[in-house]
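Below: one structure, written as structure tokens.
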Amino acid sequence: MTHHGARDPSARAEASRLFAEMGALPEDSERRRRVRDQLAEMHLPLVEYLARRFTGRNEPFPDLVQVGAIGLLKAIDRFEPERGLEFSTYATPTILGEIKRHFRDTGWLLHVPRRAQELQARLATARAELSQELRRAPTVRELATRLEVSQDDVIEALDVSRAYSGVPLDALTETDSGPVDNALLSELDDQLERVEQRAVLRPALETLPRREREVLMLRFLAGKSQTEIAQIVGVSQMQVSRLISRSLARLREELSRPAAASDPT
Amino acid sequence: MNEVELRLPADATFVSLVRAVTTALGARCDLTLDQIDDLHLAVDEACALLLPHADVGSTLTARFRHEAGRIEFRASVPSAEGAGPDRSGLSWTVLSALSDELRTSADGLVLSVTVVKRRVALAP
């Protein structure tokens with residue numbers, strides 16, 4: 001095994017010689033700093049080896065190596081050769097710890113899906129185009145073919161787009177002033193009067209901004225698909241999707257308030 | 001027919017795990033994105049409907065069965081209180097709108113909601 005950099009006997013001997021030398025030098029000496037650099041360089045393959053185990057998470061490899069190298073330097077500074085542990089054994093948890101901390105701190109959420117975020121922009125376009133061409137929403141397979149990526153990539157990007165609003169939802173609700181000119185909506189208002197659950201739903205629906213209410217009614221009373229609603233309301237299907245899940249969450253919250261809770265007994 | 005079953009603490013914070021699986025399985029069944037979104041919402045609503053009735057500290061079982069052109073999601077919780085899910089509320093309305101088939105069962109021990117989504121004909 002040579003991929004860890006310091007596994008072969010001569011390299012190991014060299015490493016322990018350097019550690020001994022570094023330990024004997026005063027903290028602020030120039031020579032000590034150079035020995036430390038030498039040790040770091042020598043063990044960089046170990047960092048690369050460990051960093052490679054995290055590349056599946058879409059963090060650029062050089063970034064991971066850089067973060068891992070911080071762990072390596074910490075390990076070099078703290079290593080006590082007299083304890084008889086091999087350096088790479090000692091350093092591995094420290095390097096891994098640093099990489100994991102990086103994911104945790106910088107938000108796995110912010111950095112990891114960078115590639116997925118890039119894909120997300122193309123995804124939105126492809127989704128709109130395919131919806132036009134097919135006159136229905138595309139499948140993941142169709143999107144993957146169009147974008148020339150794997151289905152897993154599409155799924156990942158979809159989950160990212162659900163987790164983040166690329167376009168803030170406010171952008172959608174701000175347009176409350178512009179009424180949607182659609183006869184269907186006024187019909188729906190009438191229909192809502194007749195819905196069995198109106199006593200429960202009406203007050204809750206009233207608490208939502210008008211655009212959200214309209215979208216919910218189109219979806220659940222008129223049975224329109226998200227793609228159709230997007231066309232009627234004039235926004236993207238993704239926005240409709242996010243709006244619906246947000247509105248439902250709000251409604252659920254509203255309905256679970258004691259005043260609105262239905263009494264089962 | 002393929003079957004995937006998840007067992008999770010009957011707690012709303014774990015529902016996102018079911019949702020993640022929903023995307024992947026929906027894609028595998030060639031559902032359209034609209035339908036996958038619908039299924040997400042249905043999963044949310046079905047769980048929202050069941051969890052208040054779940055016995056304390058119990059397990060939510062989420063089972064997906066998929067075969068050509070059809071995916072069935074069943075959520076169930078142990079519930080000793082004997083009441084069926086509330087059919088007059090928002091969750092039920094939403095679930096009815098989202099599902100091609102919607103069933104619920106309560107036998108005094110286990111409460112479950114089953115949602116079936118059928119694939120649309122894909123010919124453009």
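Label points 7 Å out from Cα along the Cβ direction at A:Ala128 and B:Leu17: separation in nm?
It is 3.8 nm.
Mind checking the dipole of chain B: about its Cα centre, +1 per Lys or Arg Cβ, -1 per Asp or Glu Cβ, Debye to the nearest 20? Walk me through the intermediate numbers first.
Numbers: 12 positive and 17 negative charges, 56 e Å.
With only Lys, Arg, Asp and Glu charged at Cβ, the dipole is about 260 debye.
With a sphere of radius 13 Å drawn around the Cβ of B:Glu72, what net charge do the other residues whose Cβ falls strictly inside it have (Lys, Arg +1; Asp, Glu -1)? Let's see the in-between values first.
Numbers: positive: B:Arg63, B:Arg65, B:Arg70, B:Arg74, B:Arg103, B:Lys117, B:Arg118, B:Arg119; negative: B:Glu3, B:Glu5, B:Glu67, B:Asp100, B:Glu101.
Taking every other residue near B:Glu72 into account, the sum is +3.
Can you tally the net charge around A:Glu228? Count Lys and Arg as +1, Asp and Glu as -1, for every other residue whose Cβ sits under 12 Å from the Cβ of A:Glu228. Each step should come with its number before you reach the end.
Details: positive: A:Arg135, A:Arg136, A:Arg219, A:Lys224; negative: B:Asp34.
Counting the neighbours of A:Glu228, the net charge comes to +3.
Grab the other residues whose beta carbon is less than 13 angstrom from that of B:Val113, score K and R as +1, D and E as -1, and report the net. Display every interim value, and only then the final one.
Values: positive: B:Arg63, B:Arg74, B:Arg87, B:Arg103; negative: B:Asp44, B:Glu45, B:Glu72, B:Asp86, B:Glu101.
Local charge sum for B:Val113: -1.
List the residue ranges in chain B for DSSP H helices whose C-alpha atoms run 15 angstrom or more along the long axis and whose Kyte-Doolittle average is -0.5 or above.
Values: long enough: B:15-28 (20 Å, 1.00); B:33-50 (25 Å, 0.63).
Passing helices, by number: B:15-28, B:33-50.
In whole Hz, what ³J(HN,Hα) sequence does segment A:33-46 give by Karplus (6.51, -1.76, 1.60; θ = phi - 60°), x for Gly and Pro?
4, 6, 5, 4, 4, 4, 5, 4, 4, 4, 9, 4, x, 5
Running a GNM on chain B with Cα contacts under 10 Å, which residue among B:Thr114, B:Thr61, B:Thr93 ends up with the highest mean-square fluctuation?
It is B:Thr93.
Quick note: the coordinates plus some simple rules give every number you see, no bench work behind them. In this text, all values refer to a predicted model and were calculated from it rather than measured experimentally. A quick note on method: Cβ atoms are made from the backbone with ideal geometry, for glycine too, and the neighbour counts reach across all protein chains shown.
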